[in-house]
Amino acid sequence: MKLYDVIIVGGSYAGMAAALQLVRARRSVLVIDAGQRRNRMASHSHGFLAQDGADPAEIARIARAQLQAYPSLSWCEDEAVDAAGTHDAFVVSTARSGQFGARRLVLATGVSDALPEIEGLQARWGRSVFHCPYCHGYELAMGRIGVIAVNPMSLHQAQLLPEWGEVTLLLNNAVEPDAAAREALKRRGVRIESTPVARIEGEADVVLVDGRRLRFAGLFTAPLNAPSTPLAERLGCPLASTPMGTQIQVDESKQTGLPGVFACGDAARVPHSVSLAVGDGAWAGAQVHRSLVFPTV
């Protein structure tokens, strides 16, 4: 079993950003990636400096090609199914390619989204149903925006979104704003619709259970997130609860509660975007290298 300096589980934006810092320090790095980017359904990425409007798949392709120009990088297209070990002696098991060893681990696994169970929503996720207004709000051209409530964070989301259009908060039996919340929404010009949602049709048409159809330029929702794999739990890394769900708990150096295991990207921070994931990964990569140079830190 080959021993690497670092194994990075997850080859999306955060994982590749971490890898770049490490291979430029001439460290041996293995990236294990199952090929399931969270934003794979989106055709354009916005808010990422110098890449605004680019195809997120193309951003990932270019990044990987640049990484693979470094001889100390290895790439494994496989799913990491288990991980174990301690500082300087970790083992990652994959579904098809066997086991690999490393002195350090980086968990850049991304997250899964617990979307509302509404007919038609899943098929439009990342296309006309979004979670981040900074990534997708501008393109709605100040049109009508619907916010499908799922938890108390939806009230915050609805108050934020009037910067990008005329907002209607669809309570959908998920939340019930108190008097103070209703007043805050009113001050922001947000309308409230209490009738539950039956389904979504067309581009972003909401059909209510009473048969009414509300047409929107786009829809937003605030799904709860969780790390997309159980590797952190299997390693014994603590998790943290946030208003947006569960994430891997890390310190300022992006190290988890288990020495030698680091985490970055959506799985280890909120909020989420491509640019934030890249920055988080770059910082994590530098801190992993520092831990290899100064192992007592």
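If you take the residues of segment 178-204 that are aliphatic (A, V, I, L, M) and in a loop (DSSP other than H, G, I, E, B), which of them is nearest to the chain's Cα centre (by Cα)?
Initial filter on segment 178-204 (aliphatic (A, V, I, L, M)): 179-181, 184-185, 190, 192, 197-198, 200, 204.
Those still in the list that are in a loop (DSSP other than H, G, I, E, B) too: 190, 204.
On the way: 190: 27, 204: 23 Å.
Once the filter is applied, the top-ranked residue is 204.
Residue-wise test of (1) among the hydrophobic types (A, V, I, L, M, F, W, C); (2) closer than 19 Å to residue 140 by Cβ; (3) in contact (Cβ under 8 Å) with a residue 24 or more places away in the chain.
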site: 154; (1), (2), (3): no, yes, yes
site: 162; (1), (2), (3): no, yes, yes
site: 168; (1), (2), (3): no, yes, yes
site: 174; (1), (2), (3): yes, no, yes
site: 187; (1), (2), (3): no, no, no
site: 204; (1), (2), (3): yes, yes, yes
Index of the failed condition, residue 42 passing every other in (1) farther than 26 Å from residue 291 by Cβ; (2) in contact with a strand residue (DSSP E or B) (Cβ under 8 Å, 6 or more places away or on another chain); (3) touching a residue at least 24 places away in the same chain (Cβ under 8 Å); (4) not hydroxyl-bearing (Ser, Thr, Tyr):
(2)
Give just the number: which of (1) outside any loop (DSSP other than H, G, I, E, B); (2) modelled with pLDDT of 95 or more; (3) closer than 30 Å to residue 232 by Cβ does residue 158 not satisfy?
(3)
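Specify which of the listed residues (41, 16) is outside the structural domain of residue 128 (by TED's automatic domain parsing) and assigned to a loop (DSSP other than H, G, I, E, B). Break it down stepwise before answering.
On the way: 16 fails: assigned to a loop (DSSP other than H, G, I, E, B).
When all the criteria are applied, what remains is 41.
Of the residues that make up segment 222-229, is at least one over 30 Å from residue 166 (Cα atoms), assigned to a strand (DSSP E or B), touching a residue at least 24 places away in the same chain (Cβ under 8 Å) and not aliphatic (A, V, I, L, M)?
Kept after step one, since they are over 30 Å from residue 166 (Cα atoms), are these residues of segment 222-229: 226-229.
Right, trim to assigned to a strand (DSSP E or B) and you get 226-227.
Add one more test, that the residue is touching a residue at least 24 places away in the same chain (Cβ under 8 Å), and what stays is 226-227.
Retained after the next criterion (residues that are not aliphatic (A, V, I, L, M)): 227.
Yes - at least one qualifying residue is present in segment 222-229.
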Being of a type outside the set (A, V, I, L, M) and in the same structural domain as residue 168 (by TED's automatic domain parsing) narrows it down to one of 245, 236, 257, 189, so name that one.
189
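Examine segment 71-79 for a residue that is modelled with pLDDT under 90, among the small types (Gly, Ala, Ser) and in a strand (DSSP E or B), and state whether such a residue exists.
Step one: filter segment 71-79 for residues modelled with pLDDT under 90, giving none.
Scanning segment 71-79, I find no residue that is modelled with pLDDT under 90, among the small types (Gly, Ala, Ser) and in a strand (DSSP E or B), so the answer is no.
Condition check: modelled with pLDDT of 95 or more and within 14 Å of residue 278 (Cβ to Cβ). Does residue 30 satisfy that? Full working, then the answer.
Values: modelled with pLDDT of 95 or more: yes; within 14 Å of residue 278 (Cβ to Cβ): no.
So residue 30 fails the test.
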Here the residues within segment 76-135 that are without any contact (Cβ under 8 Å) to a residue 24 or more places away in the chain and closer than 30 Å to residue 170 by Cα are 117, 122, 123
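Name every residue in segment 80-97 that is in a strand (DSSP E or B) and not charged (D, E, K, R), in order of residue number.
Result: 80, 81, 83, 84, 85, 86, 89, 90, 91, 92, 93, 94.
Tell me, please, whether a residue that is assigned to a loop (DSSP other than H, G, I, E, B), surrounded by fewer than 18 Cβ atoms within 10 Å (Cβ to Cβ) and at pLDDT 95 or above can be found in segment 105-112.
Taking segment 105-112 first, the residues assigned to a loop (DSSP other than H, G, I, E, B) are 108-110.
Remaining after also requiring surrounded by fewer than 18 Cβ atoms within 10 Å (Cβ to Cβ): none.
So far as segment 105-112 goes, no, none of its residues is assigned to a loop (DSSP other than H, G, I, E, B), surrounded by fewer than 18 Cβ atoms within 10 Å (Cβ to Cβ) and at pLDDT 95 or above.
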Scan of segment 251-269 for residues that are part of a loop (DSSP other than H, G, I, E, B), hydrophobic (A, V, I, L, M, F, W, C) and within 18 Å of the chain's Cα centre (by Cα), ordered by number
264
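For segment 232-250, which residues satisfy the criterion of being more than 13 Å from the chain's Cα centre (by Cα) and in a loop (DSSP other than H, G, I, E, B)? Break it down stepwise before answering.
Going through segment 232-250, the residues more than 13 Å from the chain's Cα centre (by Cα) turn out to be 232-243, 249-250.
Passing the criteria: 236, 237, 238, 243, 249, 250.
The values are calculated or read from the model by the stated rules, or taken from the named source; none is laboratory data. In this text, all values refer to a predicted model and were calculated from it rather than measured experimentally. Because the Cβ atoms are built from the backbone with ideal geometry, glycine has one as well, and the counts that use them run over all protein chains shown.
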